[in-house]
Amino acid sequence: MSAAAKHVLIAGGGFAALEALAALHAHAQGAVAPMLLAPEAEFHYRPTAVLTPFTGQSGEHYPLAEVAADFGAPLHRGALELVDLDARQVVTGDRAVIAYDELVVAVGATTAPSVRGAILFRGRRDVEPVRRLVDDLSSDRSGAVVFVIPPGARWALPMVELALLSGARARRGRVHLVTAETEPLEVFGPTPAAAVRAALAQSRVQVHAGAVARSFDGARLWLDTAAALPCDAVVALPELVGPHIVGLPHDAHGFLPVDGYGRVLGTDVHAAGDGTDVPYKQGGVAALLADVIARRIARGAGVDVRAEPLRPVLRAVLALPNGRLFLRRAVDEPDGAISSEPVWWPPAKVAAPHLAAYLATRRMEYALAAA
């Protein structure tokens, strides 16, 4: 690495941040000196948290210091609080100041309750109450349970998986799915949505589409139509709220406005992930934008690499009671595709261009060490 290498600070510890780090390592060829700023000590592979109530296995997690070191970056522990664009430096929650030549903001979004009285499912921290519900469904100790996808959830797949797997466990048909969508997972197009609807029916899940849940009073879930579903419990995805970073522009909901190259409008800062105004709040799309950003930074550092704007492609692995479905759709196409066999490699739930292969290697290393 040359002494004149640009110092690239990546703020965040999720898919977008780590994909930016991995992509810079692949594209920049030593022309940049990356740094990672993250509040957590570990990277948690959030999509696996959905399976924990059914398998009992804890989700995947990786030490961030090790991941950062593998890509030649030091880890700074802290949360991004403020960006000083003129001084080209950031301030963290514990008042540390870090200078940068290039800044990539990938801090994600925050969450807010979506249905009054419901159990929120935000990932691994909410696994235990959902596990208890699953146990009750399996043993006839519970009445009806409703899983809710609110309009502001932005990514519905985890709740569809919870409904599918819970419906298969329930000893009687007592599982409902309420979604504001016209069809569950309609973002993937008509063909995948029809397959998802069929899978839900096979798991005896009653679907209430085009409905917005308002509140749960302990016995009934009230909908926006003034109708009510009798039930014993309600589990809902949260609404997402932008990070409202001081010093950077944001929309009315706190999300960072970005162009097709991930540049925060009106600045020379880049951003990717759930904290931006990209409408698809999904790890794979966040990773695609992070790769676009890494290419653009590498090109700005003198590396001969193509930098093209984001073309969002949605990829997801839907867990079924007896298998899985691979869903794919480029958002500029009228319909998506569905398969019971992998259609990308490695067949990860988050299809990140560089990070997915790295994590697959780490999983293999862990498996060999445990053998």
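For the range 79-130, enumerate the residues that are more than 21 Å from the chain's Cα centre (by Cα) and either among the charged types (D, E, K, R) or on the phi > 0 side of the Ramachandran plot (or both). Answer for the range 79-130, where residues must be more than 21 Å from the chain's Cα centre (by Cα) and either among the charged types (D, E, K, R) or on the phi > 0 side of the Ramachandran plot (or both): Glu81, Asp84, Asp86, Arg88, Asp94, Arg95, Asp101, Glu102, Arg116, Gly117.
When we screen Val134, Val146, Val104 for residues that are outside any helix (DSSP H, G or I), open to solvent by less than 10 Å² (accessible area, probe 1.4 Å), within 19 Å of Val175 (Cα to Cα) and β-branched (Val, Ile, Thr), the only hit is Val146. Here the range 25-67 is the region considered, the condition is being among the hydroxyl-bearing types (Ser, Thr, Tyr) and not in a strand (DSSP E or B), and the residue that is surrounded by the most Cβ atoms within 10 Å (Cβ to Cβ) is Tyr45.
Sort out which residues of the range 89-101 are touching a residue at least 40 places away in the same chain (Cβ under 8 Å) and either of a type in the set (A, V, I, L, M, F, W, C) or assigned to a helix (DSSP H, G or I) (or both), and write them in order of number. So that I can check it myself, show each step before the final result.
Narrowing the range 89-101 to residues touching a residue at least 40 places away in the same chain (Cβ under 8 Å): 90, 92-93, 98-101.
Once the filter is applied, which keeps residues that are touching a residue at least 40 places away in the same chain (Cβ under 8 Å) and either of a type in the set (A, V, I, L, M, F, W, C) or assigned to a helix (DSSP H, G or I) (or both), the range 89-101 yields Val90, Ile98, Ala99.
Considered as a group, the residues in the range 87-135 that are of a type in the set (Asp, Glu) and touching a strand residue (DSSP E or B) at 6+ places or on another chain (Cβ under 8 Å) include one that is farthest from Phe15 (Cα to Cα), and that residue is Asp101.
When the residues of the range 1-24 are filtered to those that are touching a Gly at 6+ places or on another chain (Cβ under 6 Å) and within 16 Å of Val292 (Cβ to Cβ), the one that is surrounded by the fewest Cβ atoms within 10 Å (Cβ to Cβ) is Phe15. Screening Ser114 against (1) more than 24 Å from Pro53 (Cβ to Cβ); (2) open to solvent by 20 Å² or more (accessible area, probe 1.4 Å); (3) in contact with a Leu (Cβ under 7 Å, 6 or more places away or on another chain) leaves a single unmet condition, (1).
Residues of the range 107-131 being aliphatic (A, V, I, L, M) and either without any contact (Cβ under 8 Å) to a residue 40 or more places away in the chain or part of a helix (DSSP H, G or I) (or both), which ones? Give the derivation first.
Of all residues in the range 107-131, those aliphatic (A, V, I, L, M) come to 107, 109, 112, 115, 118-120, 127, 130.
Val127, Val130 - these are the residues of the range 107-131 that are aliphatic (A, V, I, L, M) and either without any contact (Cβ under 8 Å) to a residue 40 or more places away in the chain or part of a helix (DSSP H, G or I) (or both).
Every listed requirement among (1) modelled with pLDDT of 95 or more; (2) assigned to a loop (DSSP other than H, G, I, E, B) is met by Arg171 save one, (1). For the range 177-200, a residue qualifies if it is touching a helix residue (DSSP H, G or I) at 6+ places or on another chain (Cβ under 9 Å), without any contact (Cβ under 8 Å) to a residue 60 or more places away in the chain and open to solvent by 20 Å² or more (accessible area, probe 1.4 Å), and the qualifying residues are Glu181, Thr182, Glu183, Glu186. Answer yes or no as to whether Val285 is over 23 Å from Val50 (Cα atoms), of a type outside the set (Phe, Trp, Tyr) and assigned to a helix (DSSP H, G or I). For Val285, the condition - over 23 Å from Val50 (Cα atoms), of a type outside the set (Phe, Trp, Tyr) and assigned to a helix (DSSP H, G or I) - is not met. Pro151 meets the conditions (1) outside any helix (DSSP H, G or I); (2) at pLDDT 95 or above; (3) open to solvent by 20 Å² or more (accessible area, probe 1.4 Å) in every case but one. The failed one is (2). Taking the listed residues Asp277, Asp291, Asp232, the one that is surrounded by fewer than 22 Cβ atoms within 10 Å (Cβ to Cβ) and at pLDDT 95 or above is Asp277, with no other qualifying. When Arg299, Arg311, Arg306, Arg324 are screened for being free of Cβ contacts under 8 Å to residues at least 24 places away in the same chain, closer than 21 Å to Gly108 by Cα, basic (Lys, Arg) and open to solvent by 60 Å² or more (accessible area, probe 1.4 Å), only Arg311 passes.
The values are calculated or read from the model by the stated rules, or taken from the named source; none is laboratory data. Everything numeric here is computed off the predicted structure, so don't read it as measured data. Please note: Cβ atoms are built from the backbone with ideal geometry, for glycine as well, and neighbour counts cover all protein chains shown. Ligands, DNA and RNA are stripped out before the accessible areas are found, and what is left, the full protein with its side chains, is counted by its heavy atoms. Shrake-Rupley method; radii C 1.70, N 1.55, O 1.52, S 1.80 Å.
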